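First comes the structure, then the notes that go with it.
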Amino acid sequence: MTAEMIPEEQSLGLRELKKRQSRMAMHRAALELVLEHGLGGVTVEAIAQRAGVSTRTFFNHWSTKESAIIGVLSAQEAEIAARLRHQIQERGPREAVRIVLREAVSSTPFDAEVRELRKQVMAKEPRLHSLSSGNLLSVQTEMVEVLAEALEGEDAQERAMLAVQIGFAVTRAAFSSSMARGIDLAVAFDDVMARYDEGDELF
């Protein structure tokens, strides 16, 4: 693991920093193993062994080997729902969706060398792209239900679905921007969201 530390990490507590470093080690190990053996030749046990952790620790952070390869943390729908409900009460529906999504991307590992590994893996295993965009479908569904409960009107469900879909579209765009520009995912998320808010002309 490199000694590089992004500014956001410098403000983390020791426990959270260790968790992030552990996630990075597993993410890196997963990418390296895919490059060496192909997606089908990689197991959770192999990732954990290379990263120096137990399989139990692996599943504390990742739901599947694919999520570790892509770098998307596992998130229980109930936890997301509880967090979204809390934020809706504190900040309102609009800000709540953004806060929950930004929290998710902020906990995703970032490292310049790992970013290059991820590029190679995505080129070698194109089907990971569809997994990357679709692996949080159940979370999206739960978020829509929670948000719809907080909205008024007969079209609350439709508006909630649109809001969550837009939020995840921003998140996917942030992933792409982070990969292309070599920047932290949370920074990319803020940039894409700002462009969306400003109605930035893209053409």
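The values are calculated or read from the model by the stated rules, or taken from the named source; none is laboratory data. Everything quoted here is computed from the prediction, not taken from an experiment. Every residue, glycine among them, receives a Cβ derived from its backbone with ideal geometry; neighbour counts consider all protein chains shown.
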Could you identify the single residue in GLY167, GLY134 that is modelled with pLDDT of 90 or more, of a type outside the set (Val, Ile, Thr) and within 13 Å of the chain's Cα centre (by Cα)?
GLY167
Please specify each residue of the range 152-185 satisfying the condition of being closer than 18 Å to GLY92 by Cα, part of a loop (DSSP other than H, G, I, E, B) and small (Gly, Ala, Ser).
GLY153
Conditions (1) more than 20 Å from the chain's Cα centre (by Cα); (2) at pLDDT below 95 -> GLY52 fails only (2)
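What tally of residues in the range 34-67 results from selecting those that are in a helix (DSSP H, G or I) and in contact with a Leu (Cβ under 9 Å, 6 or more places away or on another chain)? First the steps, then the outcome.
Start the filter on the range 34-67 by keeping residues that are in a helix (DSSP H, G or I), which leaves 34-37, 39-41, 44-51, 55-61, 65-67.
Narrowing the set further to residues that are in contact with a Leu (Cβ under 9 Å, 6 or more places away or on another chain) leaves 34-35, 39, 41, 46-47, 50, 61, 65-67.
Residues in the range 34-67 being in a helix (DSSP H, G or I) and in contact with a Leu (Cβ under 9 Å, 6 or more places away or on another chain): 11 in total.
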Restricting attention to the range 146-174, the residues that are touching a residue at least 60 places away in the same chain (Cβ under 8 Å) and under 18 Å from MET122 (Cβ atoms) number exactly 2
Condition first: modelled with pLDDT of 90 or more, out of contact with any helix residue (DSSP H, G or I) (no Cβ under 6 Å at 6 or more places or on another chain) and surrounded by fewer than 19 Cβ atoms within 10 Å (Cβ to Cβ). Can you find one or more residues in the range 59-77 that meet it?
yes
Of those in the range 137-147 that are at pLDDT 80 or above and polar (S, T, N, Q), the residue surrounded by the most Cβ atoms within 10 Å (Cβ to Cβ) is GLN140
